Structures are given as C-alpha cells and as structure tokens.
1. Which residues, counting only those in the range 21-38, are closer than 23 Å to SER85 by Cα and surrounded by fewer than 20 Cβ atoms within 10 Å (Cβ to Cβ)?
2. Considering ALA109, ALA97, which residue is over 16 Å from SER16 (Cα atoms), open to solvent by less than 80 Å² (accessible area, probe 1.4 Å), modelled with pLDDT of 95 or more and aliphatic (A, V, I, L, M)?
3. Out of all the residues in the range 52-73, which are outside any strand (DSSP E or B) and within 18 Å of GLY115 (Cβ to Cβ)?
4. Consider only pairs whose beta carbons are under 8 Å apart and that are at least six residues apart or on different chains; among these, list those whose first residue lies in the range 42-69 and is among the charged types (D, E, K, R) and at pLDDT 95 or above and whose second residue is assigned to a strand (DSSP E or B) and surrounded by fewer than 20 Cβ atoms within 10 Å (Cβ to Cβ).
5. Would the range 39-61 turn up any residue that is within 18 Å of GLY15 (Cα to Cα), over 11 Å from the mean Cα position of the chain (by Cα) and open to solvent by 30 Å² or more (accessible area, probe 1.4 Å)?
6. Answer yes or no: is there a residue in the range 20-34 that is in contact (Cβ under 8 Å) with a residue 24 or more places away in the chain, under 15 Å from TRP114 (Cβ atoms), touching a helix residue (DSSP H, G or I) at 6+ places or on another chain (Cβ under 9 Å) and not acidic (Asp, Glu).
7. Restricted to the range 75-88, and to residues that are touching a residue at least 40 places away in the same chain (Cβ under 8 Å) and not in a strand (DSSP E or B), which residue is surrounded by the most Cβ atoms within 10 Å (Cβ to Cβ)?
Amino acid sequence: VQLQAFGGGLVQPGGSLTLSCAVEGRILDQYSTAWFRLAPGKEREFVAVISWSGSGNVYYADSVMGRFIISRDKDKKIMNLQMSSLKPEDTATYSCAGKRGPALYSSPARYDWWGQGTQVTVSS
C-alpha cells in the first residue's frame, strides 16, 4: 500500500482547508488510515484516524475535535481531512498513514505505511 497526501497550502487563521490522501494498492475493509502532523521542534502528533470497515469509526485528537472531520471514499480510495477554524498552531507538515486492522490507534508506531506529507501554514 502506498499513500500520498496533497492539498496543503497557506490559509489565514479561522480559515478552512481540505487535505486528501490517495491510496494506491489494495486496501481492505480491515484496514485503517490516519493523519499525523509534524511541526518544527515538536514530536509527530496524531490528528485523526478512520476505519475502512462498515460506516467508518473515527477518533480525533483533543486538539482538533470539533474543528476537523476525517472521512474516506472507498470507491475512489481517498481519505480526506476537512479542517476548519484553523489556528496558527495547526501549522505543520501533515502526513497520512495506514495500518492493518480496524483498531483506531493514535501511536505512530502502530502504522505500517506512510506517505509523504503536505505542508499546511496558518498565518495572516
């Protein structure tokens, strides 16, 4: 499985942006995919994860709860992250990751595949 994130850019505080992650290869219902972000001088941070089974259970980091929405399209093999009410502290390189199994983990060590990131900058 290969993953590629895209859709980053420069946005003003309070604005919105949608990131996407294209999945190449065979992705099964038992898999799950997630978004992580990495800001300069900080450790990689979990953002959100979604299961590809059933209706798609989700789990969010407290820092983005209520502002970000994760979703996936099985037919297009795309995972999206709708970000709204963006803050300067959301500035980071956002990467998508995937793992076998539907369990929703926040630890990056649990993930089997990683894609290259896309930069999101929130600034006026």
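The values are calculated or read from the model by the stated rules, or taken from the named source; none is laboratory data. All values reported here derive from a predicted model rather than from experimental measurement. Don't worry about glycine lacking a Cβ; one is built from the backbone with ideal geometry, like all the others, and counts go over all protein chains shown. For accessibility, only protein heavy atoms count, side chains too; no ligands or nucleic acids. Shrake-Rupley method; radii C 1.70, N 1.55, O 1.52, S 1.80 Å.
1. Within the range 21-38, just LEU38 meets the criteria.
2. So the residue among ALA109, ALA97 that is over 16 Å from SER16 (Cα atoms), open to solvent by less than 80 Å² (accessible area, probe 1.4 Å), modelled with pLDDT of 95 or more and aliphatic (A, V, I, L, M) is ALA97.
3. The initial filter retains those residues of the range 52-73 that are outside any strand (DSSP E or B), namely 52-57, 61-67.
Listed by number, the list holds a single entry, TRP52.
4. That search, which allows pairs on different chains as well, returns ARG44/LEU38; GLU45/LEU38.
5. No; the residues of the range 39-61 include none that is within 18 Å of GLY15 (Cα to Cα), over 11 Å from the mean Cα position of the chain (by Cα) and open to solvent by 30 Å² or more (accessible area, probe 1.4 Å).
6. The answer is yes, given that some residue of the range 20-34 is in contact (Cβ under 8 Å) with a residue 24 or more places away in the chain, under 15 Å from TRP114 (Cβ atoms), touching a helix residue (DSSP H, G or I) at 6+ places or on another chain (Cβ under 9 Å) and not acidic (Asp, Glu).
7. Here is the first cut: in the range 75-88, the residues touching a residue at least 40 places away in the same chain (Cβ under 8 Å) are 77-88.
Filter again for not in a strand (DSSP E or B), leaving 77, 84-88.
Values: LYS77: 18, SER84: 14, SER85: 13, LEU86: 22, LYS87: 13, PRO88: 11.
Here the answer is LEU86.
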